[in-house]
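Since the structure comes first, as structure tokens, the remarks are kept for the end.
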Amino acid sequence: MRCDHCHLEFDESVMIRDGDRYFCCKGCQGIYHLLKSEGLDSFYEKLGDRKLQPAKEPQREDLEKFDLEGFKKRYIREREDGFNEISLIIEGIHCAACVWLNEKVLHRTPGVIEAEINYSNNKARVVWDPEEIKLSKIIETIRNIGYNAYPYDPTLQEERALKARRDYYARILVAVFATMNIMWIAVAQYVGFFTGMKREYKDILNIAEFVLATPTLFYSGWIFFKGAYYGLKNRFVNMDLLVATGATIVYLYSIWAMVTGRGEVYFDSVTMIITFVLVGKYLEILSKKEAVDTIDKLLGSYPTEVTVVRDGEKSLVPVESVEVGDTIEIKPGEKVVIDGVVTSGSGSFDESSLTGESRPVFKEVGDEVVSGSLLLDSVIRYRATRSFSDSTISQIARLLEESIVKKPTIERLANRISGYFSTVILILSILTFGGWYWYTGELERALIVAVSVVVIACPCALGLATPMATLVGIGEAAKRGILFKEAAFLETMAHANTLLLDKTGTITEGRPSVVGEEKLAEFDPRWVAALTANSNHPISQGVYTYLQIEDFPPVEEFKEIRAQGIEGVVEGHRVVAGSPKFLRSRGVEIEYRGDHSLFAVAIDGKLVAIYELSDQLKERAPEAVTKIKEMGIDVIMLTGDSERVAAKIAKVLGIDYVAQLLPQEKAEYVDRLHQQGKVVVMAGDGINDSVALARSDIAIAMGSGADIAITVSDVVLLDEQPIKLYEALKLSRRVFRAIKENLALSFLYNTIAVPAAILGYVNPLFAALAMSLSSLTVVGNSMRIKLFKV
């Protein structure tokens with residue numbers, strides 16, 4: 001009898017009867033009724049005739065560990081919206097129906113906000129409301145439907161990857177050993193074919209080849225059978241099916257030839273097909289691993305514990321347990337794992353892994369230290385300003401992980417084509433077999449030509465064309481301090497023809513300093529200091545630094561109008577400060593014709609002071625702009641600053657500009673460019689840029705910019721020099737060129753190889769070698785991106 005849940009068959013005597021249903025165990029019976037009561041019984045339609053593992057009685061004894069404080073700090077991320085997020089590995093997923101069932105059940109669980117499962121690696125991202133449901137309850141829900149879940153841990157994943165590589169080693173060793181020995185026997189066979197060989201000797205050699213070919217096909221080649229099985233189970237024809245089909249047909253024919261004594265055996269071709277393709281597949285895995293390792297090296301080798309000083313006592317504390325406000329001590333040669341502010345000591349930090357800047361950066365009391373940097377000298381203590389999960393290095397890890405998972409449009413297209421391609425090849429091989437058998441009347445000849453067609457075709461090269469190039473490209477960009485949030489953004493940026501630049505903080509240092517002061521009436525400068533101290537705008541901060549007043553009265557009714565000015569009440573006086581346009585909107589008359597940024601101050605409706613500020617261009621800004629223009633990209637500066645200041649900067653850089661823009665006007669300018677058919681990249685760093693950044697095709701944020709600018713951005717520059725904008729644009733075009741080269745190589749190979757095989761010019765042995773070489777050519781071409789130079 002067949003179990004109505006897992007579809008496995010057992011003797012009727014051991015089955016549990018439930019009305020007209022039969023179950024192999026109480027676990028399967030419970031899950032069946034659970035799914036039916038929840039309205040999820042359509043799962044069985046999606047499952048079809050596929051089988052599941054019998055349901056185990058769900059474990060409950062270890063559930064409380066998922067709610068422990070230590071577990072939360074290590075694996076759970078608390079989001080800004082108050083929800084919690086975790087990455088889980090779900091065991092027991094065998095097919096797309098399993099993914100559908102888990103997602104449906106989780107979505108129906110009260111308190112679960114999001115649940116996404118990646119079928120390729122069984123990794124799930126779950127977001128839930130901790131006020132409504134505990135994580136232990138979510139895990140219990142997954143277990144109740146016959147699966148299991150545990151937290152995603154990169155260390156455990158590395159162990160599993162190492163185990164998989166060892167498995168490949170063993171299979172390759174068997175295949176290579178069998179192939180080397182079968183080659184000697186094949187040489188004797190071929191010599192005997194031309195010089196004559198007694199039948200009994202030939203039979204002995206055939207049996208020896210059979211003994212060597214069998215473990216090669218069924219042990220070393222098991223990977224291809226497994227891949228073909230899961231492909232067919234999900235109605236997808238893949239490369240594994242082509243290899244498994246070709247090798248099995250040759251193997252069965254050779255057994256028939258060996259037993260009947262009619263025709264020649266091709267056991268040598270079986271071992272070589274499996275060996276060549278297996279070695280090729282292993283080299284692909286190593287190349288992918290190397291590309292991912294490039295990213296891991298940027299994030300790896302960070303300590304799991306830090307020295308925390310509490311009440312004068314030092315203790316080693318896991319990084320997940322460090323709280324905001326804790327004092328951390330680091331010594332020379334140690335890496336910063338958690339962001340903070342120096343409270344004691346001073347020293348030089350190597351930030352090259354983050355910014356690419358090779359020169360050490362000196363930090364003293366009051367300066368920020370960033371996770372990912374390395375202390376070169378002295379002992380420093382600093383106050384943690386973020387938790388480990390929110391630290392810069394953790395954010396980089398999440399960005400890179402997400403960028404690898406999300407696929408560009410061109411990759412999704414290539415994957416669809418490779419799926420159809422495999423089906424077409426199978427049909428062509430059947431037609432080839434029929435055509436050759438009709439033409440020659442020789443079963444052996446027709447079979448060998450048909451197998452050559454199956455083996456030589458390589459959808460794998462087509463499937464690798466895009467992901468391999470984007471993986472290497474993302475790794476190279478990360479090395480240079482350029483973080484792409486999605487691989488798809490590399491493709492979009494490669495098509496860009498317009499670059500919009502914010503002025504302050506993007507192409508200038510963003511630290512304007514006062515170069516002139518004009519007092520028009522007597523006033524208390526403490527009032528201006530009080531107002532500017534409450535603003536983070538670079539111009540306000542420039543005036544505050546210039547005044548050098550630490551003791552000032554409190555501000556009431558403080559208000560900041562983005563990109564315009566600030567106002568408030570200090571000791572009963574209404575103070576208004578900002579641009580001339582802002583003061584005029586508050587009824588204050590002002591005229592100014594200088595070349596500098598202006599910060600005007602009015603008290604109780606009367607203009608009392610004018611401060612002139614100047615900002616310096618960032619290092620290599622003119623060089624970066626010139627190189628970007630040489631790429632055929634239009635460069636335009638958008639700024640809220642005055643016409644005169646903008647014109648002065650634009651003249652030095654040799655670019656067009658639009659001045660005195662409000663945040664919404666910048667966004668409207670982006671919309672107008674879109675109407676003209678432009679692909680727009682915008683770089684900015686402030687709150688006033690966030691709307692325009694969100695509207696652009698690609699948004700680039702400076703790493704130290706406002707949080708909202710970084711949130712809406714697609715690319716983050718850890719090293720904020722303008723030359724990095726050029727590198728990002730140049731690298732994206734280099735990656736896209738590699739993708740097009742890979743696709744061209746794949747199509748060219750298949751255009752030549754498949755017709756040659758159909759016409760009978762290629763035997764299975766050379767077909768297997770050619771197929772592996774085509775995949776390795778695509779991998780090698782992608783690795784050339786590593787040679788990219790600006």
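Annotation: amide H of Ala609 within the under-5 Å range of Leu520, Val601, sequence separation 5 or more or interchain, hydrogens built in the peptide plane. Scoring 270-279, 4-13, 609-618, 482-491 by mean Cβ neighbours within 10 Å over their residues and listing the highest first yields 270-279, 482-491, 609-618, 4-13.
Here the label points at Lys36 and Glu69, each 7 Å from Cα along the C-beta direction, are separated by 4.7 nm in the simple model. Computed over neighbours whose Cβ is under 14 Å from that of Val625, the net charge equals +1, Lys and Arg +1, Asp and Glu -1.
The listed peptides 81-93, 334-346, ordered by packing as a protection proxy, come out as 334-346, 81-93 (highest mean of other Cβ atoms within 10 Å first). Backbone geometry of the range 518-528 corresponds, through the Karplus equation with coefficients 6.51, -1.76 and 1.60 at θ = phi - 60°, to 3J(HN,Hα) couplings of 10, 8, 9, 6, 6, 7, 8, x, 5, 5, 5 Hz, x marking Gly and Pro. The length gained by stretching the chain between Arg2 and Lys789 to full extension, at 0.36 nm per residue less their Cα-Cα distance, is 277.0 nm.
With the largest listed first and rounded to whole Å, the semi-axes of the equivalent ellipsoid of the range 712-759 from the Cα gyration tensor are 40, 10, 5. The HN-Hα couplings worked out from phi for the range 75-89 by the Karplus form 6.51 cos²θ - 1.76 cosθ + 1.60 (θ = phi - 60°) are 10, 9, 9, 8, 7, 5, 7, x, 7, 9, 9, 9, 9, 10, 9 Hz, whole numbers, x standing for Gly and Pro.
Report Rg/Rh for the range 584-632, rounded to two decimals, where Rg is the Cα radius of gyration and Rh the Kirkwood radius. Checking Rg against Rh, the ratio lands at 1.28.
Within the set of other residues whose C-beta is less than 12 Å from the C-beta of Glu556, count the net charge using Lys and Arg as +1 and Asp and Glu as -1.
Taking every Cβ under 12 Å from that of Glu556, the sum is -1.
Read-outs: derived from the displayed coordinates by stated rules, not from any lab. None of these values were measured; they are calculated from a predicted model. Neighbour counts run over all protein chains shown; Cβ positions are idealised from the backbone, glycine included.
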